[in-house]
Amino acid sequence: MSMFPASVEATQKALEAHHYIADRGLAVAVYLALKLGRPLLLEGEPGVGKTEIVKVLAQVLHTRLIRLQCYEGLDISSAVYEWDYARQMMQIRLMEASGVREQDKVRHEVFSPAFLLKRPLLQALEMVEGKPPVLLIDELDRADEEFEAFLLEFLSDWQITVPEVGTLRAEQPPVVVITSNRTREIHDALKRRCMYYWIDYPSFEKEYRIVREKVPGLPEKLAQQIVAFVQALRQQDLYKAPGVAETLDWAASLLALDAVALAPGVIEDSLGVLLKYQDDVVRAKHQMQDLLARAQLAPQP
Ligand SMILES: Nc1ncnc2c1ncn2[C@@H]1O[C@H](COP(=O)(O)OP(=O)(O)OP(=O)(O)O)[C@@H](O)[C@H]1O
Ligand SMILES: [Mg+2]
C-alpha cells in the first residue's frame, strides 16, 4: 500500500486532521507532487503557512522530517556532509599506538562512511523503517546560486558522490518541498523540475478556520472580528502586512488580555503583535475607526 493519500480530498482531510487548513489548490499541488514524485516549490509572503505544511506533511505520511534551513554562504559541508576530523584523529592515534604503520590502511579506515557527519541532504537519501523521509529545503532564495546549481543535480540524480567513499544513492527518493520568500527568483531549471504553488494570504473563511483551529477557547464573535480586522489591515498600504502567524499571535494576545470584543483601547495596546514597523502602527492608529467599523461588519462564516 502506498504511504500517500489516495486523492486530493484525502490529502486535504489528512492535513486538516493535523490542524492545517489547505485550499483545494494547495491540496492538489501536494497530492500531485506526491503522486508524480516531483519536488514541490512553495512561494508566498512571510507567515502564510509554507513551513508549517511541510511539518504537517511529515506527520501525515508518518515519516521523518529533515530540514535544511538555507542562508547566505550555505555550503556543502553544512548541507551534505563533512568528515568528523576529531574522530578521525583519534582513530589514527589509536591505530598508530597499536602498531599500524601502513598509510594506505590508515587512510582507508578513517575515510570510510563511519567517519562521515551526514548533513540534511545526505540524510535524506536514507529510508527509515522502509519509508523515505520528507525533506524541507526552507527559504532557498537565501542560499547562493552555486548551492542552487548543486541542488538541481541532487534533485535529478538522488545521489551524492563522496570522493573517498563512492556514490551514495537513494533507494527511494525523499519527498521534497522547497520554500522561497522570493527575495530573488529561483532559477527556471530548478522550477521546471518542481510542482509550483503560490500560497496567498488566506480568504476570510480560511483564516477564520485557522484561528478557530489554532486558538481554541477564543469566543466566536471575537474570532470573527479579529480576522475581519486583519483582513482590512492587509488592504492598507503597509510596509509589512501581517501574516497568518501574526493573526494567531494577536488572537492569543487578545485572549490573554480577556478581551470579549474589539475596541480601540485593547487594539492599540496590542498592535505591536500585528505590526512590526512604527510607520505601520501609526497608519493603523490613524485608520482605526474605519478598520474597526469593517471588523464589526465581519461576515458570518
Ligand atoms: N493554512 C494554515 N493552517 C494552519 N495553520 C497555519 C496555516 N497557515 C499558517 N498557519 C500558522 O501560521 C504560522 C506561520 O506559518 P509558517 O511558519 O508556516 O509561515 P511561513 O510561510 O513559513 O513564513 P516565513 O516565510 O516567515 O517562514 C504557523 O504557526 C502556522 O501554524
Ligand atoms: Mg517559513
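The values are calculated or read from the model by the stated rules, or taken from the named source; none is laboratory data. Predicted model, so just to flag it, every value in this text is computed and none were measured. Cβ atoms come from the backbone with ideal geometry, glycine included; neighbour counts cover every protein chain shown. Quick note on the areas: whole protein, heavy atoms, side chains included, nothing else; ligands and nucleic acids left out. Shrake-Rupley method; radii C 1.70, N 1.55, O 1.52, S 1.80 Å.
Of note:
- Residues (in contact with a helix residue (DSSP H, G or I) (Cβ under 9 Å, 6 or more places away or on another chain), in a helix (DSSP H, G or I) and open to solvent by 10 Å² or more (accessible area, probe 1.4 Å)) located in segment 212-227: 212, 213, 214, 220, 225
- Residue within segment 234-242 that is in contact (Cβ under 8 Å) with a residue 12 or more places away in the chain, more than 14 Å from ligand 1 (Cβ to nearest atom) and open to solvent by less than 10 Å² (accessible area, probe 1.4 Å) present: no
- Qualifying residue in segment 2-12 (condition: open to solvent by less than 10 Å² (accessible area, probe 1.4 Å), more than 8 Å from ligand 1 (Cβ to nearest atom) and within 15 Å of residue 197 (Cα to Cα)): no
- Qualifying residue in segment 122-139 (condition: touching a residue at least 40 places away in the same chain (Cβ under 8 Å), part of a helix (DSSP H, G or I) and farther than 30 Å from residue 5 by Cα): no
- Answer residue from segment 14-33, given it is open to solvent by 10 Å² or more (accessible area, probe 1.4 Å), part of a helix (DSSP H, G or I) and in contact with a helix residue (DSSP H, G or I) (Cβ under 9 Å, 6 or more places away or on another chain) and is farthest from ligand 1 (Cβ to nearest atom) among those: 32
- Close pairs from segment 189-203: first in contact (Cβ under 8 Å) with a residue 24 or more places away in the chain and part of a strand (DSSP E or B), partner open to solvent by 50 Å² or more (accessible area, probe 1.4 Å) and more than 16 Å from ligand 1 (Cβ to nearest atom), Cβ under 6 Å, at least 6 apart: 195/32; 195/38
- Of all the residues in segment 58-73, those that are within 16 Å of ligand 1 (Cβ to nearest atom) and either on the phi > 0 side of the Ramachandran plot or open to solvent by less than 10 Å² (accessible area, probe 1.4 Å) (or both) number 3.
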